[in-house]
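Trainee: Dropping a structure here in structure tokens format, bear with me for questions.
The values are calculated or read from the model by the stated rules, or taken from the named source; none is laboratory data. In this text, all values refer to a predicted model and were calculated from it rather than measured experimentally. Counting neighbours? That spans all protein chains shown, and the Cβs are built from the backbone with ideal geometry, glycine included. Each accessible area value is taken on the protein alone, full model and side chains, heavy atoms only, with ligands, DNA and RNA left out. Shrake-Rupley method; radii C 1.70, N 1.55, O 1.52, S 1.80 Å.
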Amino acid sequence: MLVVLDTNILVSALLSPFGPPARVLDLVLSGDIRVAYDDRLLAEYREVLARPKFGFAPDETAAVLAYLESAGERVTARPLACRLPDPDDLPFLEVAAEAGATLITGNTAHFPETSRGAVQVSAPGEFIRRRSR
């Protein structure tokens, strides 16, 4: 299964290793699911995870990102003609649409149903519940 991880999922997973976002990251790191990405998503992951306010160890975040890049699927996403409440979220939706992947985010309201097209958008807890059925 292919997913796109919103940056907030990575941040939450690294801040709280026992919550639903961490369980999603565990599925990725175990190889049970794969992450679709493009250069824009990797750049955002790197920039956000390096913010001093989080206090993440650079070598740990580098290892996670290296794994995502090596085990994931790089895509070249076509632009979508839709509007989102936050235009900075559009690359995540574009990559998910191109890859036929589920977009996992802690901010589902940022991806209104009217703008999603065929992309399935899921909160991490919902994604975990559906997988365990």
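Trainee: Cβ contacts < 6 Å: first residue open to solvent by less than 20 Å² (accessible area, probe 1.4 Å), restricted to segment 80-109; second residue among the charged types (D, E, K, R) and in a loop (DSSP other than H, G, I, E, B), any location; separation 6+ or different chain. Result?
Mentor: Every condition considered, the pairs that remain are PHE92/ASP6; VAL95/ASP38; THR105/ASP6.
Trainee: On to the next question. Within segment 17-28, can you find the residues that are farther than 14 Å from GLU73 by Cα and assigned to a helix (DSSP H, G or I)? Lay out the reasoning, then the answer.
Mentor: Pass one, segment 17-28, residues farther than 14 Å from GLU73 by Cα: 17-27.
Answer for segment 17-28, where residues must be farther than 14 Å from GLU73 by Cα and assigned to a helix (DSSP H, G or I): PRO20, PRO21, ALA22, ARG23, VAL24, LEU25, ASP26, LEU27.
Trainee: Looking at (1) within 15 Å of the chain's Cα centre (by Cα); (2) part of a helix (DSSP H, G or I); (3) surrounded by 11 or more Cβ atoms within 10 Å (Cβ to Cβ), can you tell me which one GLU60 breaks?
Mentor: Only one criterion in (1) within 15 Å of the chain's Cα centre (by Cα); (2) part of a helix (DSSP H, G or I); (3) surrounded by 11 or more Cβ atoms within 10 Å (Cβ to Cβ) is unmet by GLU60, namely (1).
Trainee: Filter segment 110-129 down to residues that are basic (Lys, Arg) and open to solvent by less than 60 Å² (accessible area, probe 1.4 Å), then give me how many there are. It would help to see each step written out before you state the result.
Mentor: Looking only at segment 110-129, we keep the residues that are basic (Lys, Arg), and these are 116, 129.
Going one step further and asking which of them are open to solvent by less than 60 Å² (accessible area, probe 1.4 Å), we end up with 116.
Looking only at that region, the number is 1.
Trainee: Something else: Would you confirm whether any residue within segment 18-36 is under 22 Å from THR108 (Cβ atoms) and of a type in the set (S, T, N, Q)?
Mentor: No, there is no match, as no residue in segment 18-36 is under 22 Å from THR108 (Cβ atoms) and of a type in the set (S, T, N, Q).
Trainee: For segment 68-92, what are the residues that are small (Gly, Ala, Ser) and outside any loop (DSSP other than H, G, I, E, B)?
Mentor: From segment 68-92, those small (Gly, Ala, Ser) are 70-72, 77, 81; that's our starting set.
Result: SER70, ALA71.
Trainee: Go through segment 1-16 and give me each residue that's assigned to a loop (DSSP other than H, G, I, E, B) and without any contact (Cβ under 8 Å) to a residue 60 or more places away in the chain. Explain how you work it out, then say what you get.
Mentor: Initially, segment 1-16 is screened for residues assigned to a loop (DSSP other than H, G, I, E, B), giving 1, 6, 16.
If the condition is that a residue be assigned to a loop (DSSP other than H, G, I, E, B) and without any contact (Cβ under 8 Å) to a residue 60 or more places away in the chain, then SER16 is the only one that fits.
Trainee: What are the residues in segment 96-122 that are out of contact with any Lys or Arg (no Cβ under 9 Å at 6 or more places or on another chain), of a type in the set (Gly, Ala, Ser) and not in a helix (DSSP H, G or I), if any?
Mentor: Correct list: GLY100, GLY106, GLY117, ALA118.
Trainee: Which residues, taken from segment 38-57, are outside any loop (DSSP other than H, G, I, E, B) and acidic (Asp, Glu)?
Mentor: Start the filter on segment 38-57 by keeping residues that are outside any loop (DSSP other than H, G, I, E, B), which leaves 39-49.
Answer for segment 38-57, where residues must be outside any loop (DSSP other than H, G, I, E, B) and acidic (Asp, Glu): ASP39, GLU44, GLU47.
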